[in-house]
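Rule-based calculations on the coordinates, nothing more; no lab input. Remember, predicted model here, so these are calculated numbers, not experimental data. All Cβ positions, even for glycine, are placed from backbone atoms using ideal geometry, and neighbour counts span all protein chains on display.
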Amino acid sequence: MGALISSLFSWLFGGSKYPALGPNPDKPNDITGLTPREARAVVVTWDIVKPNMAHHGVQFFLRLFERHPNIQKKFSGFDGKPLAVLQEDKRLRAHATTVMNAINSVVESLGDPETLVEILKTTGKNHKRRGIEKTHFESLRVVLLDYLRDNLGTAYSPMAQQGWSKALAAVNAVIFQAYDLPEK
């Protein structure tokens, strides 16, 4: 009985690798807009993707390029290459891994929103300089939500779907704020 109580306490208030739910599991964070339950659902589902981020990253980018060929054209090394060729492209695998690691940083920073905001501001500044448009981030958000839904099976519960949707909307909002800042 003691182990059960200890496990429940850890699950509610932290002590495990998942964010603590705390006393108000349905109160949204002022910065991310996610409730502790939603944040936990994002972390739990990301743990399914995490062991094979390179594979998922490549598959995600192939889907993104298939739905939005204009985005593929933004990458000089990928422009004009058939998706079947890109599937085996080491440069795409490297870039996809970098992007998945960035998403991993977002997920791991959900419990530290101030750090998350700084990560995203930097992402926004860097991508603006490269000529990546806000619409590309919106396309990425939609395709990533679809990709997660199609690849996480039953783990992509309504709570996970809601959490990811809110998280990615918050990510884009901060990135877009960085786009709107004057250049230094």
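Contact order for the chain, expressed relative to its length and based on alpha carbon pairs under 8 Å spaced 6+ residues apart, stands at 25 percent. For Glu108 and Ala84, the FRET efficiency from 1/(1 + (r/R0)^6), where r spans their Cβ atoms and R0 equals 41 Å, is about 0.75. Pairs to check: Lys74/Lys128; Lys134/Lys166; Lys81/Lys128; Lys27/Lys125; Lys73/Lys166. Give those whose C-alpha atoms are more than 19 Å from each other in this structure. Correct reply: Lys81/Lys128; Lys27/Lys125; Lys73/Lys166.
Highest mobility in the GNM of the chain, judged by mean-square fluctuation with C-alpha springs under 10 Å and restricted to Ser109, Ser165, Ser76, is found for Ser76.
Of Met159, Met100, Met53, the sequence from fewest to most neighbouring Cβ atoms within 10 angstrom is Met159, Met53, Met100. If each of Glu118 and His136 carries a label point 7 Å out from its Cα toward its Cβ, how far apart are those two points in nm? Output for this residue pair reads 2.6 nm.
Of the GluC sites (Glu not before Pro) found in segment 81-184, those in coil by DSSP whose Cβ has at most 11 other Cβ atoms within 10 Å are Glu88, Glu183. Applying 1/(1 + (r/R0)^6) with r as the Cβ-Cβ distance of Ile31 and Leu145 and R0 = 22 angstrom yields a FRET efficiency of 0.60. From helices alone, the chain scores -22500 deg cm²/dmol at 222 nm; the rule is -39500 (n - 2.57) for each run of n ≥ 4 DSSP H residues, then divide by the residue total.
A straight line joining the Cα centroids of segment 36-97 and segment 139-184 runs 14 Å.
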